[in-house]
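Comments concern the structure below.
Nothing in this text is a laboratory measurement; each read-out follows from the coordinates by a stated rule. This structure is a prediction, so every number in the text was calculated from the model and none was measured. Using ideal geometry, Cβ is built from the backbone for each residue, glycine included, and neighbour counts are taken over all protein chains shown.
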């Protein structure tokens, strides 16, 4: 397994210097890249890899010596692209690529600035597909369907194989056009200490106390019981906690909720990849995909009973079952805590942390390098119904802005395709563990590595995968609306407002933005068109979302054996 972990710094520097010095396409650099970096770890044969590299060399000739800039957030996958793949591409094609790594919020800010000013800040962006509704409505991003058939046809890789990408449903607008090309994906799943859940004494004690088997919780009722059971329990000489989360009023708190927490509770309507007509943000659209409301009074669900229930549970569990310091943590501070060995389970856990959770020497890894933990589908809340999405999947995706000159967009498009090509993708996936291609997920090398990854491969090969999706097209302006979440939910987390008051304030703030967009008319006939307000009871009595408050928000708890779950997926 060491071939997946080798540092490639020396190789990257050599390629960078080669590309900088000669600034021309170099078949020798391609051969060196395939031999030293890819080293057979590709879904393509050796001849097919060489053919792809030769295509890049030929297609790049008109752009040799050009300097281009692209940008992405800082995660392991993008660090690999920036430090290894960008200099390799430069050496092979003669196109000099500066792949900048900045914070996620900064990426969105740069993109916003380019949209508003028309100035070409970057030649391509890897930004989350959460902006698909923004790109479709503002029409400032090139739609890639037309680009690949038109202006970009001469620089579109014949073996790109769009159908092999697992996330294009997330990056396609209601018009059927592809606006972004996935570069990396990861889901938020349930994480738990498999060794503790398998312990015979823990199983017996849990069964005696709660009357059912300790296992992967299917619903929030069981998650809550398990959190209570483990909190304060002494294991291996230390007191442990049954839950982990974070609560500081900070921009990262917004992701905690826009990343589908409300839909996990049962907010919104049925539908894949997102609920229609009401999505997990609680925004309702009409038959023309125009946002018509966020508050229950306009048919939305941001402040409905399911949303309020989701915030109430979040706060209750944070206070009762998480370490005391968690309430003052931000996302980056809370992320490493489960690896320290005192957390029994975590409802909201990103698979992007997988690589950091399997490092040798961690308390959550055994002496043979096997994880003591597993990941599984997230449990659902009391309002959830079959057919609703069950969680969030990040899909950082390549985006070409119309304000980027055609020649620069073409050169950047070549680089984008290089880092997602079939030649490269398998190795990149082993490095960052963020999957975008079906052929990569099904490769035998991941069958071999699966036992070391705690269920990640089993999940991505399972039918459950389709219930995890990013923000959808109901959100007309992600940058403007996303910032409202942490500010308002932060008031509930801090105790300044009740969950109902916070969600009332949030839906009203969202509707103010929708109203401004409607008045400005900048999104044309697909922009917001707010419904008239009605008595909330009118909407609560209609089929679908928003749903009326349940008399019992803690239904019968349900668990499933992890081993049986994995067997059912395999079958």
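With both residues required to sit in the chain, DSSP beta bridges show an antiparallel share near 70%.
Our estimate of slack between residue 525 and residue 51, defined as 0.36 nm per intervening residue step minus the Cα-Cα distance, is 166.1 nm. Extent of the stretch 64-137 along its three principal axes (Cα atoms, max minus min coordinate, largest first): 37, 27, 18 Å. Starting from one equal scatterer on each C-alpha and no solvent at all, send me the Debye-based log10 I(q)/I(0) for the stretch 410-494 at q = 0.19, 0.22, 0.24 Å⁻¹, two decimals. With no solvent term, the Cα-only Debye profile gives -0.93, -1.01, -1.09. Seen through its C-alpha gyration tensor, with square-root eigenvalues sorted a ≥ b ≥ c, the stretch 305-421 comes out oblate because a/c lies at 1.5 or above while a/b is not bigger than b/c.
For the peptides 197-209, 349-361, the ranking by packing is 349-361, 197-209, with the highest mean count of neighbouring Cβ atoms within 10 Å listed first.
Each stretch of four or more DSSP H residues adds -39500 (n - 2.57); spread over every residue of the chain, this sum gives -11500 deg cm²/dmol at 222 nm.
Would you mind classifying the stretch 468-563 by shape? Square roots of the alpha carbon gyration tensor eigenvalues, ordered a ≥ b ≥ c; an a/c under 1.5 is rounded, otherwise it is prolate if a/b is larger than b/c and oblate if not. Cα axes put the stretch 468-563 in the prolate bin. Peptides 288-295, 268-275, ordered by how many other C-beta atoms sit within 10 Å of their residues on average, highest first, read 288-295, 268-275. Here the contact order of the chain, divided by its residue count and restricted to Cα pairs under 8 Å and six or more residues apart, works out to 24 percent.
Full extension of the chain between residue 209 and residue 498 gives 100.8 nm of extra length, using 0.36 nm per residue less the Cα-Cα distance. Between residue 330 and residue 154, the simple spin-label model (points 7 angstrom out along Cα→Cβ) gives 4.7 nm. Here the simple spin-label model places points 7 Å from the Cα toward Cβ, and for residue 487 and residue 360 these points are separated by 5.0 nm. Taking a ≥ b ≥ c as the square roots of the eigenvalues of the Cα gyration tensor, an a/c ratio of 1.5 or more together with a/b larger than b/c marks the stretch 112-221 as prolate. Ranked by the mean number of other Cβ atoms within 10 Å of their residues, highest first, the peptides 317-326, 514-523 fall in the order 317-326, 514-523.
Mean sequence separation of contacting Cα pairs (under 8 Å, at least six apart), scaled by the length of the stretch 213-260, corresponds to a relative contact order of 21 percent.
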